[in-house]
Amino acid sequence: GQWYPGVVSALIGDGTFEVTWDDPDGGEDTAVLDPGLMRKANVFKDYRDGEDVYAKASDGVMYEAVVVSKGTDGTYKVKWGDPDGGPEEAYVSPKDMKYPPIPVDSLAVGQKYTGTVESIREYGAFVDIGCEAAGLLHISRISEEPIVHIDDYLEEHQEVDVWITGVRDDGSFGLTMVEGLTDENTRAGRGDVAAFVGLSPDEKHDGVVTSVADFGAFVNVTLASGASATGMIPLSQVKDDHVQRMQDEFQVGQKVKVRVTSADPAFDRMSLSTRDKFDNVREARLKAFEGTPHDKWLSGTVRDITQERAIVNVTAPDGVSSANGWLHVSQLSNTYSHHVLQHLQMGQEVSVRILALDPAAGSLVVTMRRDQRRGGPGEGG
């Protein structure tokens, strides 16, 4: 199900194409593919002399370099920042080059970028704009109209125009496809999530269903003080019994009693529950990690891998408890990589540091980098 780079080497008579893989990784060098299994890759070919870039060396890893000149065959001569005993210069194809990641701290609200959809989740999509990390395009910020099925609007590898809605202290940032939308004016329209921080998950509050999607129901909740905000009831928090369809449980305009299980003003996110017995298992998983210094190294095991990230089961400082952590490709090492598999394999033992806790998801955000910035080149662990 993963997409890999390749070059069309021949057109077969039946309308299929022979593709030569850029990196067969031990498999076949070529494959015959139907056009429906192919996407055209847009390769930037206008680098200028003296520009800083990342370029792929003979070992298949991207390193810092400077463009020296453009060759007559379309390749570029680059000078490595640290040749490490190898040649100081080499000719590199533009498809093996890219600009250094944009620092998160240089982003500003309202800036426009053209990005590529990396992955899609029920609640939104992660979009690569060439930054140190991917930005979150929440489902509510894709269109001015309510969206039930995100797949009707986006697909992986799709190019989209997005605007920065906000940049947070932890190095994450939000995106929108609606020009003029920001974190501030979105909060103004949805209410004050901050008023819901610290509420007991055992207390019930009045709410009204505003929309229903396959993955959850959105509810506008009002406290006795008059403060209100919109949160989401995920499928797992509807009732103690199994739920097959949210549409069978809720209707727009329906009045409900909800519990606030978590509230995060920084992400403008609030999670709700209508279950009779609130089971805060997800938050309980993270208790053993609370207060862990960001410079403390913990042991973990790689449980799952995709192109952009790995899931690492991390052992807590107590040596007994554990929780899964999300390890983004930008947090692997000081050498830029397009694919996690260049660094990790299933079952591998690794050392990680905690960047953040995500109580709503019951997971960690982790890094293998030795520096304490959220993204960008750093030393691997």
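Using the Kirkwood formula over every pair of different C-alpha atoms, what hydrodynamic radius in Å results for segment 95-223?
Taking the inverse mean of 1/r over all distinct Cα pairs, segment 95-223 comes out at 16.2 Å.
Cα to Cα, under 18 Å, and not fewer than 8 places away if on the same chain: which lysines meet these conditions relative to Lys204?
Lys239, Lys255, Lys257, Lys277
Taking 26 Å as the cut-off for C-alpha to C-alpha distance, list the pairs among Lys112/Lys296; Lys45/Lys79; Lys70/Lys112; Lys45/Lys112 that go past it. Let's see the in-between values first.
On the way: Lys112/Lys296 37 Å; Lys45/Lys79 17 Å; Lys70/Lys112 29 Å; Lys45/Lys112 21 Å.
Pairs exceeding 26 Å: Lys112/Lys296; Lys70/Lys112.
Check cross-link reach from Lys40 to the lysines: straight Cα distance under 22 Å, and skip same-chain residues fewer than eight apart.
Lys56, Lys95, Lys98
Can you send over the carbon and sulfur percentage of the accessible area for segment 1-83, probe radius 1.4 Å, protein chains only? It would help to have the intermediate numbers written out before the result.
Numbers: 2790 of 5650 Å².
Answer for segment 1-83: carbon and sulfur cover 49 percent of the accessible area.
Counting only helical runs of four or more DSSP H residues, what would the 222 nm mean residue ellipticity of the chain come to if each run contributes -39,500 (n - 2.57) and the total is spread over all its residues?
After summing the helix terms and dividing by the residues of the chain, the value is -1000 deg cm²/dmol.
Which whole-number value in Å² is the accessible area per residue of the chain, probe 1.4 Å? The partial results should precede the final answer.
Working: 20170 Å² over 381 residues.
On a per-residue basis, the chain sits at 53 Å².
In the chain, what percentage of the DSSP-assigned beta bridges are antiparallel, given to the nearest 5?
Around 95 percent antiparallel, to the nearest 5.
Dividing the alpha-carbon Rg of the chain by 2.2 N^0.38 Å yields what? Spell out each step's value before the answer.
On the way: Rg = 23.3 Å, N = 381, 2.2 N^0.38 = 21.0 Å.
Against the empirical 2.2 N^0.38 Å value, I get 1.11 for the chain.
The values are calculated or read from the model by the stated rules, or taken from the named source; none is laboratory data. It should be emphasised that the depicted structure is a prediction, and the values quoted were computed from it without experimental measurement. Each accessible area value is taken on the protein alone, full model and side chains, heavy atoms only, with ligands, DNA and RNA left out. Shrake-Rupley method; radii C 1.70, N 1.55, O 1.52, S 1.80 Å.
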